[in-house]
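One structure is given here, and the rest of the page talks about it.
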């Protein structure tokens, strides 16, 4: 594809995501083509006051020598992690809301979100294995005792699978991560000493006598989705294994998860010929302040057999500091890191874009990527304007990455999480490698640079200051300058 055709494709993002009014692209005429616009660099801009709402911009490469003191120079010789993708959770509640939309409205929203050609290019989603706290009911895929009774349930068949098929039709390379909130209740016990039956969705522990049954459950679940044409890229053995209090939950300390992966899940995946990856932990940076659970995945890796089945570890940010990612990477640089859940809600002023866009971009998006994460996934893609559907015992104060107006199931309000993922996924494509930079730094300026597999560079920048910043980017062959608005996020992509 030549540069002009490529740029035409880049600039086909739908109008519905672009702010109107005085927000005109920063372009210059190309004197060699009678005034045709030069679009060497594609740019997307979101300001925290929505004056620019994922606004599409462009600039041309500068022909002048560069003496700017605010120059950031990319260094592709310094290479960090490759990127798997960015996205959100496709929960039962999300799928219920999507299916309440008119088909044409749903198709438009999904294309705006998941299309690499016409939208933001979300590339990774997380789904529950059985129910989550944002499912329409509490269930697993084997509630009748006996693993031979495994079957996908109504929520998968009526909501989740149809939505996933629509998304895959838009983005066939979508990665899917599956996580269970609870095993079937008949596999649970009150504790590992008394081993008494535990008839509750909430808390309990996995009975070691059912390790093989539960591993078979995972295999059957992956194969059931494969039979629907849906490939599961990865799983975690347990969502938030140190959280006993969720409406559907299970306590699984590192020794238990290590034994389950080593003795059952890993061997059964291998025997079944599954290439589905397994990520350990899937919980908070601070290990819920449980001293004996500190470095949970690192302790799992100490068993070489368990480690051989584990691709890496997954983290959430409901407790602790993202520096833990860097610490864990330093201890086991051979194992991957992904970030799999964070939420906005009433507790953190989640619908206030003025505040949340800045904080979430710094903490969640760039903060995790710059600490070795290969993927970033936020919680519910879509909830309604009453924060639902939700269930008692689960989160009743969470907002979605977008809110769908419950009065019409049509009007959508995009919240911070939608933008922070979109600003990454729109320019940083699966397989991209995070690369080094040198030059301009300043308080309130955070950024990351990438080299895509198609020969393009990507750069994502946060300006969390009260002033616009004229920042120049250079790749050694080309340079260009763009006036980055105050309190904004800017994503760039250009051909080398």
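The values are calculated or read from the model by the stated rules, or taken from the named source; none is laboratory data. Just so it is clear, the structure is predicted and the values come from calculations on it, not from any experiment. Because the Cβ atoms are built from the backbone with ideal geometry, glycine has one as well, and the counts that use them run over all protein chains shown.
As for the stretch 251-270, it holds no residue that is touching a residue at least 12 places away in the same chain (Cβ under 8 Å), part of a loop (DSSP other than H, G, I, E, B) and closer than 20 Å to residue 333 by Cα. Going by what's in this entry, would residue 245 be described as in contact (Cβ under 8 Å) with a residue 24 or more places away in the chain and assigned to a strand (DSSP E or B)? Considered against the rule, which asks whether it is in contact (Cβ under 8 Å) with a residue 24 or more places away in the chain and assigned to a strand (DSSP E or B), residue 245 comes out as no.
Is at least one residue of the stretch 51-63 in contact with a helix residue (DSSP H, G or I) (Cβ under 6 Å, 6 or more places away or on another chain) and crowded, with 16+ Cβ neighbours inside 10 Å? Yes; the residues of the stretch 51-63 include at least one that is in contact with a helix residue (DSSP H, G or I) (Cβ under 6 Å, 6 or more places away or on another chain) and crowded, with 16+ Cβ neighbours inside 10 Å. Conditions first: (1) closer than 30 Å to residue 97 by Cα; (2) over 18 Å from the mean Cα position of the chain (by Cα); (3) outside any strand (DSSP E or B). Residue 442 passes all but one, so which condition is the exception? So residue 442 meets the others, but not (1).
When the strands (runs of 3 or more DSSP E) confined to the stretch 380-430 are screened for residues that are at pLDDT 95 or above and over 27 Å from residue 248 (Cα atoms), those reaching at least 3 such residues are found at 412-414.
Residue 266 passes all but one of (1) in contact with a strand residue (DSSP E or B) (Cβ under 6 Å, 6 or more places away or on another chain); (2) over 27 Å from residue 202 (Cβ atoms); which number fails? Only one criterion in (1) in contact with a strand residue (DSSP E or B) (Cβ under 6 Å, 6 or more places away or on another chain); (2) over 27 Å from residue 202 (Cβ atoms) is unmet by residue 266, namely (1). Residues in the stretch 385-413 that are buried (at least 20 other Cβ atoms within 10 Å of the Cβ), under 15 Å from residue 113 (Cα atoms) and either out of contact with any helix residue (DSSP H, G or I) (no Cβ under 8 Å at 6 or more places or on another chain) or not assigned by TED's automatic domain parsing to the domain that holds residue 122 (or both): 403 only. Considered as a group, the residues in the stretch 321-344 that are without any contact (Cβ under 8 Å) to a residue 40 or more places away in the chain and part of a helix (DSSP H, G or I) include one that is nearest to residue 79 (Cα to Cα), and that residue is 330. Among the strands (runs of 3 or more DSSP E) confined to the stretch 450-496, the ones with at least 1 residues that are over 27 Å from the mean Cα position of the chain (by Cα) are located at 469-474, 479-484.
When the residues of the stretch 455-479 are filtered to those that are touching a residue at least 40 places away in the same chain (Cβ under 8 Å) and over 18 Å from residue 445 (Cα atoms), the one that is surrounded by the most Cβ atoms within 10 Å (Cβ to Cβ) is 457. Identify the single condition in (1) surrounded by fewer than 22 Cβ atoms within 10 Å (Cβ to Cβ); (2) under 25 Å from the mean Cα position of the chain (by Cα) that residue 198 does not satisfy, given that it satisfies every other one. Of everything listed in (1) surrounded by fewer than 22 Cβ atoms within 10 Å (Cβ to Cβ); (2) under 25 Å from the mean Cα position of the chain (by Cα), residue 198 misses just condition (2).
Filtering the stretch 216-249 to residues that are touching a helix residue (DSSP H, G or I) at 6+ places or on another chain (Cβ under 9 Å) and within 30 Å of residue 289 (Cβ to Cβ) leaves 218, 235, 237, 238, 240, 241, 242, 243.
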